[in-house]
Each structure stands twice: as C-alpha cells, then as structure tokens.
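Beneath this line is the structure, given in structure tokens, with notes to follow.
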Amino acid sequence: MRRIWAALAAAVLLAAAGCAGGADIEVTDAWGRPSPSAASNGALYMMIANNTDSVDHLVAVSSSACGVAELHESIMSDGVMSMSPVGSAGIEIPAGGEATLEVGGLHVMCIDKQADFIAGDTYEVTLEFDKAGSLTVDVEIREG
Ligand SMILES: [Cu+2]
C-alpha cells in the first residue's frame, strides 16, 4: 500500500512539474484552537483553493501532532451538534473553486493529540489529494 502511494506521489510530482504558473492546490489560513494535551482531540481548519480546471478531493490527512487524523463533518440535528467522518470520496474541492474547513462544518479531527496545542505554535499537517498528491502545510495554533 505504501509503495503504491509513493509511486502515485512521484507520478503526481512529475505531472505537476510540467505545469507552469501557481500551485494547483493552495492552502491558506490553516489553524486550530489552543488546548492542553489533557484534551485528547482537537479540530483543525483551513481554506483549500483549487486553481485547476478539474475537481479534486482531499482524501486523507496525517500529522505527527496527531495519533490519528480524520476528515470530519459537523452536522446539526434536532438542535444537537454531532460529527462523523466524511465518506470515502473525501472533501470535494471544486474546479477553480475552494473548500472551507471551518468551525461548525468540515474539519480535520486530530485524535489522540501528541502535543499541547499552545497559541503561537505551528504543526505540520500533510494533506493527500486525489489528483494533486500530497501537500504539507503549517497549521497555526491560535484563538479563532
Ligand atoms: Cu471531528
């Protein structure tokens, strides 16, 4: 499985190197709220722009700051907020559009946090896209 991903990532990198211009996928405003390590989980948010003319999907996420990281969606039902993992297709990033991971909506769930999330700290998070391959971004810990 790992070998397949590596081959896939290499193919994507070669394809990307052939394109001129800006990044196909751009992630901005990646952040999460401070929380002590006693809190086992934390949510991360970000804006993901797709500068290509074809739809892409964020399919997986990982970080050394998290035991496990999952893509979640918050749902309000009968006045109660709950959340669940997104489907296997991941989070759609429309062609020429963007997806917003925000409080009360889509988010990265950092499960079994491996660190205190202290305001001002940053953690690397690796995003895996169906077409664009992997992208590592810095997530800043801050109050909203
Ligand atoms: Cu969640």
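Subtracting the Cα-Cα distance of A119 and V80 from 0.36 nm times their residue separation leaves 11.2 nm of extension gain. In sequence order, region 95-105 has phi-based couplings of 4, x, x, 8, 10, 10, 9, 9, 4, x, x Hz under the Karplus curve 6.51 cos²θ - 1.76 cosθ + 1.60, θ = phi - 60°, and Gly or Pro positions carry x. Residues in region 72-81 carry Karplus couplings, in order, of 10, 10, 8, 10, 8, 9, 6, x, 10, 8 Hz; the curve used is 6.51 cos²θ - 1.76 cosθ + 1.60 with θ = phi - 60°, and Gly or Pro positions show x.
Going 7 Å from the Cα of V59 in the Cα-to-Cβ direction, what parts of region 82-112 have a backbone nitrogen less than 14 Å from that spot? Once the point is set 7 Å along Cα→Cβ of V59, 87-93 turn out to lie under 14 Å by backbone N, inside region 82-112. Protection proxy ranking of 117-123, 58-64, by the mean of other Cβ atoms within 10 Å over each peptide's residues and highest first, is 58-64, 117-123.
Values quoted throughout were computed directly from the atomic coordinates according to the rules given, and no laboratory measurement underlies them. Predicted model only: the values in this text are computed from it and were never measured. Every residue, glycine among them, receives a Cβ derived from its backbone with ideal geometry; neighbour counts consider all protein chains shown.
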